[in-house]
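J.: I am attaching a structure below and will ask some questions about it afterwards.
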Amino acid sequence: MQKSLYRLYTISGIRIISFIVLQAVGYKTIAQQKEVTRQTLYWTRYYNQLNFHPRWAWHNEIDNRRFLQANTQHHLIIHSHLHYKVLPNIDMAAGFTYSRQSPQNPDATVHLVVPELRPFQEINLTMPFGKRLVLAQRLRVDERFIHRNNGKQLLDGYDFNFRIRLRAQAIVSLSKQSADHNTYLKIANELMVNAGKNITLNQFDQNRIYVGLEQNLGKKLAVELGYLHWYQQRSSGYQFFNRDITRVTIYHRINIKS
């Protein structure tokens, strides 16, 4: 079972990467008219993990994102997902996201907030190499219901599309202290692609590259500080966001396993 799940996971990842490469080749035709907007943001996140069974865990996240310029709101995201450990190094999860997207420009004069409802499913694979290195992969599928709008006000109904996300992450232990007070280096790359009848020019959605340090403060708490580079294509096809982001995360782990 483990081999079949790993094979399915690997094949899906290869297909996603191949699709992105093919799309990138197609984008060469619009390279001359490409418009890139540079922005700087900071994200603050609280991540709670409730372990209530050897195989089951409930994860909840609140992620607030703001522009550094004028300290204006950009995005508020709330995730809740239930994880089931199939094997010691493989778990599956299903969850729901509620999102409130503020204007993409910190100087916007129209402050429209667009809600999004997003069920999702994912599979996680972790592979330890020795005592200090863990490689982790995540394949997630988002079903996105985005409230219709005309840029000035909300309209009736929701637009729908799929988004497929593949993340690869390396976690390196930097100290020989106990796990309760260890320091970890995290390096990650996540690719996202869109699918659905409403997607015409931006099959490639975004790429995120992340580097961060996590410091455990005991069995229950950890703090992480990191830098994230976010490159995103807009629905027009020729407009892109190039974002530099500082992210601070507080992890709160609660164990009530029987």
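J.: Out of the residues in the stretch 208-257 that are assigned to a loop (DSSP other than H, G, I, E, B) and open to solvent by less than 30 Å² (accessible area, probe 1.4 Å), which is modelled with the highest pLDDT?
T.: My answer is 218.
J.: Has the stretch 58-80 got at least one residue that is farther than 24 Å from residue 229 by Cβ and surrounded by 18 or more Cβ atoms within 10 Å (Cβ to Cβ)?
T.: Within the stretch 58-80, none of the residues are farther than 24 Å from residue 229 by Cβ and surrounded by 18 or more Cβ atoms within 10 Å (Cβ to Cβ).
J.: Further question: Checking residue 7 against (1) in a strand (DSSP E or B); (2) modelled with pLDDT under 95, only one condition comes out false. Which one?
T.: Of (1) in a strand (DSSP E or B); (2) modelled with pLDDT under 95, only one is false for residue 7: (1).
J.: Between 156, 107, which is over 30 Å from residue 55 (Cβ atoms), free of Cβ contacts under 8 Å to residues at least 40 places away in the same chain, touching a helix residue (DSSP H, G or I) at 6+ places or on another chain (Cβ under 9 Å) and open to solvent by 60 Å² or more (accessible area, probe 1.4 Å)? Steps first, answer last, please.
T.: Numbers: 156 fails: touching a helix residue (DSSP H, G or I) at 6+ places or on another chain (Cβ under 9 Å).
The unique qualifying residue is 107.
J.: Whether any residue in the stretch 127-146 is open to solvent by less than 30 Å² (accessible area, probe 1.4 Å), among the aliphatic types (A, V, I, L, M) and touching a His at 6+ places or on another chain (Cβ under 8 Å) is what I want to check.
T.: no
Listed here are the residues, each with its yes/no results for (1) out of contact with any Phe, Trp or Tyr (no Cβ under 6 Å at 6 or more places or on another chain); (2) modelled with pLDDT of 95 or more; (3) under 19 Å from residue 117 (Cα atoms).
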residue	(1), (2), (3)
43	yes, yes, no
46	yes, yes, no
53	yes, no, no
61	no, yes, yes
78	no, yes, yes
81	yes, yes, yes
86	yes, yes, no
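J.: Has the stretch 88-101 got at least one residue that is buried (at least 17 other Cβ atoms within 10 Å of the Cβ) and acidic (Asp, Glu)?
T.: yes
The values are calculated or read from the model by the stated rules, or taken from the named source; none is laboratory data. Treat the numbers as computed from the prediction; the structure is a model and nothing was measured. So basically every Cβ, Gly included, is an ideal-geometry build from the backbone, and we count neighbours across all protein chains shown. Calculation scope for accessible area: heavy atoms of the full protein, side chains included, ligands and nucleic acids excluded. Shrake-Rupley method; radii C 1.70, N 1.55, O 1.52, S 1.80 Å.
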